[in-house]
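The values are calculated or read from the model by the stated rules, or taken from the named source; none is laboratory data. Worth saying up front: this structure is predicted, and the values here are computed from it rather than measured. Heads up, the Cβs are rebuilt from the backbone with ideal geometry, glycines too, and the neighbour counts pull from every protein chain shown. Protein only, heavy atoms only, side chains kept; ligands, DNA and RNA dropped before computing areas. Shrake-Rupley method; radii C 1.70, N 1.55, O 1.52, S 1.80 Å.
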Amino acid sequence: MDVLVVGAGEMGRWFAAAVTPDVAFADADRARAEAAADALGARARAVPLDTTESFGIVCLAVPMRVASAAIAEHAGTAQQAVVDVTGSMRAPLDAMAAAAPARERVSFHPLFGGDAAPGTVAVSTAASGPATDGLRRDIEAAGNDLVDVEPDEHDDAMRTIQGRTHAAILAFALAADAAEADVPDELATPVYERLDALAERVLDGTPRVYADIQATFDGARDIAAAAERLANTDPDDYDALYDDVRK
């Protein structure tokens, strides 16, 4: 059974490397699809994004903002299963149900970047079967831990795990940059060093990915409201502020 991976970016390549079937990459950038296929070796090839071939499994590895449209466009080429690794779950699974109601349907979310694999992979299953069971076995055999979760529970959690977390880190980086003051190494505190390292990690990522996370899960508004509350809290009221957070 062969797999069509729509999207030859970091997560598409991760998925293709983790599973055992032969893989065809399709991408809006044909050169990127060809490079991904070359990197995987003999069991991979590149196909046009508008291919009319059919495949046993179709995996959508596209940005979250276009996931539903991509599923609607490509799910019909799947003979047995449609899955995604886009990062959200409710919208993709709803799109799969509309476009491929008779197929197996599963959403996978690797909770790491491709360079940090293996790791934890969240899994939400709408309709399982032999094809998606095989993918689960492959991903687990590649060293990953699978965590089953309901799609709404996943998306609600991602509002904090990704949306608010990334917004807070980027806000720190923006504030530090706006201060235009170098911090001598000998004056850095452990808290500062850890936050600065997190900022470097986020800033090494792809801006469009973090923009998609904010568009999907928000978070920046909550961080802004929290910062405003902090700025307006009287120093004598910090005990109450801490108590609210510790609850």
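Restricting segment 3-43 to residues that are among the basic types (Lys, Arg) and out of contact with any helix residue (DSSP H, G or I) (no Cβ under 8 Å at 6 or more places or on another chain) leaves a set whose member that is nearest to Gly76 (Cα to Cα) is Arg30. Answer with yes or no whether Ala72 is closer than 22 Å to Gly129 by Cα, part of a helix (DSSP H, G or I) and more than 15 Å from the chain's Cα centre (by Cα). Here the answer is yes, as Ala72 does meet what is asked. The single residue among Gly143, Gly129 that is open to solvent by less than 40 Å² (accessible area, probe 1.4 Å) and either of a type in the set (A, V, I, L, M, F, W, C) or closer than 30 Å to Glu10 by Cα (or both) turns out to be Gly129. Take Asp29 and decide whether it is among the acidic types (Asp, Glu), under 22 Å from the mean Cα position of the chain (by Cα) and within 26 Å of Val149 (Cα to Cα). For Asp29, the condition - among the acidic types (Asp, Glu), under 22 Å from the mean Cα position of the chain (by Cα) and within 26 Å of Val149 (Cα to Cα) - is not met. Within segment 19-40, the set of residues being within 22 Å of Gly129 (Cα to Cα) and open to solvent by 10 Å² or more (accessible area, probe 1.4 Å) comprises Thr20, Pro21, Asp22.
Tell me, yes or no, whether segment 211-230 has at least one residue that is out of contact with any strand residue (DSSP E or B) (no Cβ under 9 Å at 6 or more places or on another chain), at pLDDT below 90 and among the charged types (D, E, K, R). No.
The strands (runs of 3 or more DSSP E) found entirely in segment 90-182 that carry 1 or more residues being more than 20 Å from the chain's Cα centre (by Cα) are 104-110, 120-127. Specify the residue that is surrounded by the fewest Cβ atoms within 10 Å (Cβ to Cβ); the eligible residues are those in segment 41-56 that are farther than 20 Å from Thr132 by Cβ and among the polar types (S, T, N, Q). Step by step, filter segment 41-56, then rank; the result is Thr52.
So that you can scan it fast, the table gives a plain yes or no per residue for (1) surrounded by 10 or more Cβ atoms within 10 Å (Cβ to Cβ); (2) over 19 Å from Ala220 (Cα atoms); (3) β-branched (Val, Ile, Thr):
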position: Ala167; (1), (2), (3): yes, no, no
position: Leu170; (1), (2), (3): yes, no, no
position: Ala173; (1), (2), (3): yes, no, no
position: Ala178; (1), (2), (3): no, no, no
position: Asp182; (1), (2), (3): no, yes, no
position: Asp185; (1), (2), (3): no, yes, no
position: Pro190; (1), (2), (3): no, yes, no
position: Glu193; (1), (2), (3): yes, yes, no
position: Arg201; (1), (2), (3): yes, no, no
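Among the criteria (1) of a type in the set (Lys, Arg); (2) crowded, with 17+ Cβ neighbours inside 10 Å; (3) within 13 Å of Val106 (Cβ to Cβ), the one Arg137 does not fulfil is (2).
Annotation note: of Arg45, Arg65, the sole residue that is of a type in the set (Lys, Arg), in contact (Cβ under 8 Å) with a residue 12 or more places away in the chain and within 23 Å of Pro207 (Cβ to Cβ) is Arg65.
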